[in-house]
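One structure below.
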Protein chains: 2
Amino acid sequence: MRIAILGTGMVGRALAEGLAAAGHDVVIGTRDPDETMGRTEPDRMGNPPFPQWHAGHADIELAAQTDVGSDAEVVVNATSGAATLEALEAVGEEALGGKPLVDVANPLEFSTGRLALFTPSTDSLAERIQRTFPDARVVKALNTMNASVMISPSDLPGDHLVPIAGDDEEAKATVRSLLADLGWREEQVLDLGALTAARGMEAWLLLWIDLLQTLGTPQFNLSLSRR
Amino acid sequence: MRIAILGTGMVGRALAEGLAAAGHDVVIGTRDPDETMGRTEPDRMGNPPFPQWHAGHADIELAAQTDVGSDAEVVVNATSGAATLEALEAVGEEALGGKPLVDVANPLEFSTGRLALFTPSTDSLAERIQRTFPDARVVKALNTMNASVMISPSDLPGDHLVPIAGDDEEAKATVRSLLADLGWREEQVLDLGALTAARGMEAWLLLWIDLLQTLGTPQFNLSLSRR
């Protein structure tokens, strides 16, 4: 499948690597490819500059956001939540129409000193995207875990989970198949129903950040104990 | 220990039963004991009327909120989130001073058609309680699961978790001991640190409600898969 991934950070890189390794034709979309390829310093999260990563992943194309949408069969939003709508505007409403749009981003707000969400609990970033691009088929997925877990689920023991949510069943089926390509077993995928469930999936980040602090590692994931 | 539990719903009843069974001296506080003991209809959650439950738990005292605080060594808030501050006002600032106040409530907002929180992601009910009663020693605990799981953790398999948060270490130690009385093993208690972590613990409810819908049972709890 031709997959366009928006975002050059850890999440975009990890998903590009994982999906390319599964045989997909992956292009990463960025605002200005020349600027991105000219970076020499680690990004603000401390990740190596993009060109350094890209040198080891030459099979993955880099292109302008404005150019990646029309050929893509699936679009993955791996931008930061604050940059999401602008990036999707650049891809364009027409290019997004009718396609699965996998929203991996979170509406994180860093300005308050402690992680918060810029959406209220009556809304979610995924729903905002869906309202802004009504013809896209938005599926929330993979936003609930660290990038390394997304593409290496077998690194963690047991039936830990990847919740998904969306209003379009066909788009969710496509996402399920991409998750399988990344190594997720069927019983690990938990379909929470309509896109409104993205509210809880995004709110989980508020707990996730404290779990990260407490455990001292991002190598964990949501699991459920059930009878 | 003398423990005052505020709230006559499923959570208050379950905790009263569990803590009394562990040998504690438990009193349930309600606004108007005569009114509560005069109820003949199931409550709005469909639970049997309080007198019917109380008939099987005669060792558990029922008293006015205004009367339960001064003798108590620990106060447990098991009211609905919307009723919490009023109930605690009735107990009284002086009676709450210096004591562990275990906050099991959630800031649930039902008016929007779908479960939401009445606190923003920069705040929590537990922190509001702490700000309103600065001399109480608020510990957030047990709000992340169904009432039956709170008092029967061994009904579910594995090391599922009860996160706790609070600014007072001594109060947290008391809560740990009460959790042990309820059957929680030490490795199941996850101290997330300061009371600000209550934000994530309460936000979890937004995901919990969709998990409830999807799984079709409240007999589940948060667990983590980790390396």
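What follows is calculated from the coordinates using simple rules that are stated; it is not laboratory data. The structure displayed is predicted, hence computed values, not measured ones. Backbone-built Cβ (ideal geometry, glycine too); neighbour counts: all protein chains shown.
Taking the Cα-to-Cβ direction at B:ASP155 and at A:ALA63 and moving 7 Å from each Cα, how far apart do the two end points lie in nm?
Roughly 5.5 nm, to one decimal.
Quick check for me: using +1 on Lys/Arg Cβ and -1 on Asp/Glu Cβ, what's the dipole size of segment A:146-227 about its Cα centre, in debye to the nearest 20?
Dipole size: approximately 300 debye.
From the mean inverse distance of alpha carbon pairs (Kirkwood) and the Cα radius of gyration, derive Rg over Rh for the protein assembly as shown.
1.03
Roughly what % of DSSP beta bridges within chain B run antiparallel, to the nearest 5?
In chain B, DSSP labels about 20 percent of beta bridges as antiparallel.
Using the beta-carbon distance between A:ARG39 and A:GLU187 and R0 = 41 Å, what value does 1/(1 + (r/R0)^6) give for FRET efficiency, to the nearest 0.05?
Calculated value: 0.50.
Counting other Cβ atoms within 10 Å of each Cβ, which GluC sites (Glu not before Pro) in segment B:160-227 have at most 12 and sit in a DSSP loop?
none
On a full-extension model of 0.36 nm per residue, what is the gain between B:ALA55 and B:GLU93, subtracting their alpha-carbon distance, rounded to one decimal in nm?
10.5 nm
If you wrap a convex hull around the Cα atoms of chain B, how much volume per residue is inside, in Å³?
Cα-based convex hull of chain B, divided per residue, equals 126 Å³.
Under 16 Å Cα to Cα from B:LYS172, which aspartates and glutamates show up? Leave out anything in the same chain fewer than 8 places away.
Excluding near neighbours in sequence, the set is B:GLU73, B:ASP103, B:GLU127, B:ASP135, B:ASP181, B:GLU186, B:GLU187, B:ASP191.
Using a 10 angstrom cutoff on alpha carbons, build the Gaussian network for chain A and name the most mobile of A:MET145, A:MET37, A:MET201.
Highest fluctuation of the listed residues: A:MET37.
Put the label 7 Å from Cα along Cα→Cβ for B:ALA180; what are its distances to the other copies, in nanometres, shortest first?
4.9
Using the Cα centre of chain B as the reference point, and only Cβ charges (+1 on K/R, -1 on D/E), how large is the resulting charge dipole? Debye, rounded to the nearest 20.
The calculated dipole for chain B is roughly 800 debye.
Provide the percentage of antiparallel DSSP beta bridges, counting only those with both residues in the protein assembly as shown; round to the nearest 5.
25
In whole Å, how far is the Cα centre of segment A:112-153 from that of segment A:19-39?
21
Return A:LEU179, A:LEU6 ranked ascending by Cβ neighbour count within 10 Å, so the fewest neighbours appear first.
Going from least to most buried by this count: A:LEU179, A:LEU6.
Give the relative contact order (percent, whole number) for chain A; include only Cα pairs under 8 Å separated by 6+ residues.
18
From the square roots a ≥ b ≥ c of the eigenvalues of the alpha-carbon gyration tensor of segment A:30-121, which class results: rounded (a/c under 1.5), prolate (a/b over b/c), or oblate?
Oblate, since a/c reaches 1.5 and b/c is not below a/b.
Can you give the % of DSSP beta bridges in segment B:85-171 that are antiparallel, to the nearest 5?
Around 55 percent of the beta bridges assigned by DSSP in segment B:85-171 are antiparallel ones.
Would you work out the charge dipole size for segment A:1-66 about its Cα centre, treating the Cβ of every Lys and Arg as +1 and the Cβ of every Asp and Glu as -1, and quote it to the nearest 20 debye?
The calculated dipole for segment A:1-66 is roughly 160 debye.
Looking at A:THR119, A:ALA16, B:ILE5, which one has the Cα that reaches farthest to the positive end of the dipole of the protein assembly as shown (charges on Cβ: Lys, Arg +1; Asp, Glu -1)?
Positive-end residue among those listed: A:ALA16.
Once you list every other residue whose beta carbon is under 10 Å from the beta carbon of A:LEU19, what net charge do they have if Lys and Arg are +1 and Asp and Glu are -1?
With Lys, Arg at +1 and Asp, Glu at -1, the net is -3.
Please label the shape of segment A:136-223 as rounded, prolate or oblate, based on the square roots a ≥ b ≥ c of the eigenvalues of the alpha-carbon gyration tensor (a/c under 1.5 means rounded; beyond that, a/b larger than b/c means prolate, else oblate).
It is oblate, given that a/c is not under 1.5 and a/b is not larger than b/c.
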